[in-house]
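The block underneath contains the structure these notes are about, expressed in structure tokens.
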């Protein structure tokens with residue numbers, strides 16, 4: 001296995017990369033923290049007793065009474081990035097029912113290195129317009145909870161239909177659940193793009209101005225920096241794509257909250273009636289162009305075939321139908337030129353995650369599930385194919 | 001090739017040691033025993049996987065040498081009528097043994113170096129003034145990338161991520177003979 005200079009970066013190396021790729025303030029903070037912690041011991045999952053002990057101290061400083069107990073701490077499966085535990089808080093006051101929460105802890109390194117305050121603010125901003133677990137408390141430095149962490153309300157539901165058989169990345173919604181989930185999904189997806197976030201506390205984000213390209217350049221810098229910090233080998237197509245993205249940035253026509261990973265598998269639903277109970281995984285949320293979320297959803301990796309063999313974008317419906325419905329629900333146009341740009345952008349961004357960061361954090365044994373982050377690297381050829389197809393179209 | 005086989009095995013070992021075994025109930029002795037055997041086998045594979053061709057070639061050298069020496073010693077007295085089969089075997093073995101088989105690490109280091117050199121070249125061409133040259137460079141890169149992506153799709157096909165798996169040629173068809 002490769003051990004290179006990035007595995008034990010000097011302070012100068014870190015500062016040089018920061019200076020070369022100026023990006024949003026808190027993106028910079030999260031990435032710098034990652035690099036300063038890189039040359040440390042492997043990360044070991046926290047045990048449940050430690051988690052309960054830290055939570056007790058943390059909540060004692062925040063709840064009105066210290067007369068409470070924490071119980072039923074359980075490790076949650078799913079999610080490739082954060083270590084998650086569900087737990088119950090029971091109160092001495094017999095009139096107050098026990099409450100179930102989830103803590104999302106940042107491991108040593110993640111496939112996406114993000115800032116807990118951004119995730120916290122994004123979830124708070126949108127939980128009035130769609131089902132999102134209420135973000136209750138935050139420890140953005142990890143001083144109290146051992147690692148930077150969020151505490152959220154527990155949401156009931158499943159991320160994929162119950163199924164038997166070997167693991168497969170395909171969700172296999174099937175006709176029944178597809179019929180129930182597609183209209184709800186589209187409604188939330190469109191609502192996010194149209195949402196007026198200006199009244200929310202989004203101070204952890206650097207908002208781009210309408211008509212500008214600075215926000216997109218800052219995002220390209222952020223991802224190019226991740227590539228520089230994490231890649232274990234060069235990939236000429238990635239460099240070429242970065243150059244094209246910088247040269248071709250479309251000005252932003254409407255500033256939306258962009259989720260960054262809005263797709264089937266990142267929401268929970270009730271298996272009995274198919275009601276979506278929670279849109280999850282807001283850690284990549286940022287202020288930007290809605291076409292980024294649309295382009296990401298349209299990657300063939302998330303597509304499924306209908307029972308009649310028709311290709312369904314996002315696993316839900318034919319692409320043309322999905323885009324038309326999105327325009328109707330959001331009241332915002334889908335611009336094919338911007339969409340093509342963001343298909344290259346999201347392919348490039350996702351390839352950085354799956355080629356560079358997934359390999360890097362497994363190499364340093366920095367996560368609680370190296371085997372899962374390594375598994376994600378198997379998706380890299382699909383993202384590279386998306387980049388290649390997009391660039392080929394532009395060059396033809 | 002990232003992650004490489006060694007890194008994949010390292011991650012499997014962590015998962016078994018730090019997640020699966022601690023979660024096994026004390027009463028599940030057979031499962032615990034099998035988990036330890038999986039660890040043992042993986043540790044062997046970590047040692048072996050980069051050297052499998054060298055090991056096979058060493059064996060080929062040893063056994064073809066022994067066959068040649070025994071045949072020479074016994075001469076025509078063996079009583080075994082092999083119709084020249086042994087000579088043919090020895091000739092095939094000799095042709096393989098004459099090949100230079102580089103160490104996996106040697107190849108991997110060179111791949112990394114050529115990737116890096118190509119990347120630096122691409123960086124430098126961003127500012128190239130001649131648009132015709134830029135277009136020709138782009139075409140060369142895009143053609144090679146298409147082959148690279150197809151090979152990587154085949155390399156990872158078993159993961160099930162690729163919805164278009166049936167369109168991928170068999171991996172062996174995409175590799176150097």
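The values are calculated or read from the model by the stated rules, or taken from the named source; none is laboratory data. Everything numeric here is computed off the predicted structure, so don't read it as measured data. Positions of Cβ are backbone-derived with ideal geometry, glycine not excepted, and every protein chain shown enters the neighbour counts.
Below are the figures for this structure:
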| quantity | calculated |
| --- | --- |
| Qualifying residue in region B:16-25 (condition: closer than 30 Å to residue A:351 by Cβ, under 26 Å from the mean Cα position of the chain (by Cα) and assigned to a helix (DSSP H, G or I)) | yes |
| Residue among A:151, A:70 that alone is assigned to a strand (DSSP E or B) and touching a residue at least 40 places away in the same chain (Cβ under 8 Å) | A:151 |
| Failed condition for residue A:234, given (1) modelled with pLDDT of 95 or more; (2) part of a loop (DSSP other than H, G, I, E, B); (3) buried (at least 16 other Cβ atoms within 10 Å of the Cβ) | (1) |
| Residue pairs meeting the criteria (Cβ under 8 Å; at least 6 apart or on separate chains; first at pLDDT below 95, in region B:35-53; second assigned to a helix (DSSP H, G or I) and loosely packed, with under 13 Cβ neighbours inside 10 Å) | B:48/B:55; B:50/B:105 |
| Yes/no for residue B:85 being loosely packed, with under 14 Cβ neighbours inside 10 Å and either within 13 Å of chain A (Cβ to nearest Cβ) or over 23 Å from the mean Cα position of the chain (by Cα) (or both) | yes |
| All positions within region B:96-108 that are more than 9 Å from chain A (Cβ to nearest Cβ) and within 16 Å of residue A:4 (Cβ to Cβ) | B:105 |
| In region B:90-101, the residues that are exposed (fewer than 13 other Cβ atoms within 10 Å of the Cβ) and at pLDDT 90 or above | B:91, B:92, B:95, B:98 |
| Selection from region B:163-172 of residues that are loosely packed, with under 10 Cβ neighbours inside 10 Å and outside any loop (DSSP other than H, G, I, E, B) | B:166, B:167, B:172 |
| Enumerated helices (runs of 4 or more DSSP H) restricted to region A:304-396, each holding at least 2 residues that are away from every other protein chain (no Cβ under 12 Å), within 29 Å of residue A:224 (Cα to Cα) and modelled with pLDDT of 95 or more | A:336-351 |
| Residue, surrounded by the most Cβ atoms within 10 Å (Cβ to Cβ), within region A:211-231, restricted to residues that are within 13 Å of chain B (Cβ to nearest Cβ) and assigned to a helix (DSSP H, G or I) | A:230 |
| Number of the exception - residue A:208 against (1) at pLDDT 95 or above; (2) over 17 Å from residue A:132 (Cβ atoms); (3) away from chain B (no Cβ under 14 Å); (4) in a helix (DSSP H, G or I) | (4) |
| Answer from B:14, B:8 - the residue that is within 13 Å of chain A (Cβ to nearest Cβ), closer than 30 Å to residue B:114 by Cα and either touching a strand residue (DSSP E or B) at 6+ places or on another chain (Cβ under 6 Å) or surrounded by 11 or more Cβ atoms within 10 Å (Cβ to Cβ) (or both) | B:8 |
| Checking residue A:43 against (1) within 14 Å of chain B (Cβ to nearest Cβ); (2) farther than 26 Å from residue B:14 by Cα; (3) within 22 Å of the chain's Cα centre (by Cα), the condition it does not meet | (2) |
| Test: residue A:292 is over 24 Å from residue B:148 (Cα atoms) and either within 9 Å of chain B (Cβ to nearest Cβ) or at pLDDT below 95 (or both) | no |
| Residues being in contact with a strand residue (DSSP E or B) (Cβ under 7 Å, 6 or more places away or on another chain) and part of a helix (DSSP H, G or I) - total across region A:44-57 | 5 |
| Members of region A:245-285 that are part of a strand (DSSP E or B) and surrounded by fewer than 17 Cβ atoms within 10 Å (Cβ to Cβ) | A:277 |
| Residues of region B:113-152 classified as touching a helix residue (DSSP H, G or I) at 6+ places or on another chain (Cβ under 7 Å), closer than 17 Å to residue A:392 by Cα and more than 7 Å from every other protein chain (Cβ to nearest Cβ), total | 3 |
| Any hit, region A:335-348, residues being over 30 Å from residue A:235 (Cα atoms), touching a residue at least 40 places away in the same chain (Cβ under 8 Å) and in contact with a helix residue (DSSP H, G or I) (Cβ under 6 Å, 6 or more places away or on another chain) | no |
| Region A:11-41, residues that are under 15 Å from residue A:141 (Cβ atoms), out of contact with any helix residue (DSSP H, G or I) (no Cβ under 6 Å at 6 or more places or on another chain) and in a helix (DSSP H, G or I) | A:29, A:30, A:32, A:33, A:34, A:36 |
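To keep it simple, each residue is scored yes or no on (1) out of contact with any strand residue (DSSP E or B) (no Cβ under 9 Å at 6 or more places or on another chain); (2) within 14 Å of chain B (Cβ to nearest Cβ); (3) over 19 Å from residue A:389 (Cβ atoms).
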residue	(1), (2), (3)
A:240	yes, yes, no
A:247	yes, yes, no
A:258	no, no, yes
A:267	no, no, yes
A:271	no, no, yes
A:274	yes, no, yes
A:279	no, no, yes
A:285	no, no, yes
A:301	yes, yes, no
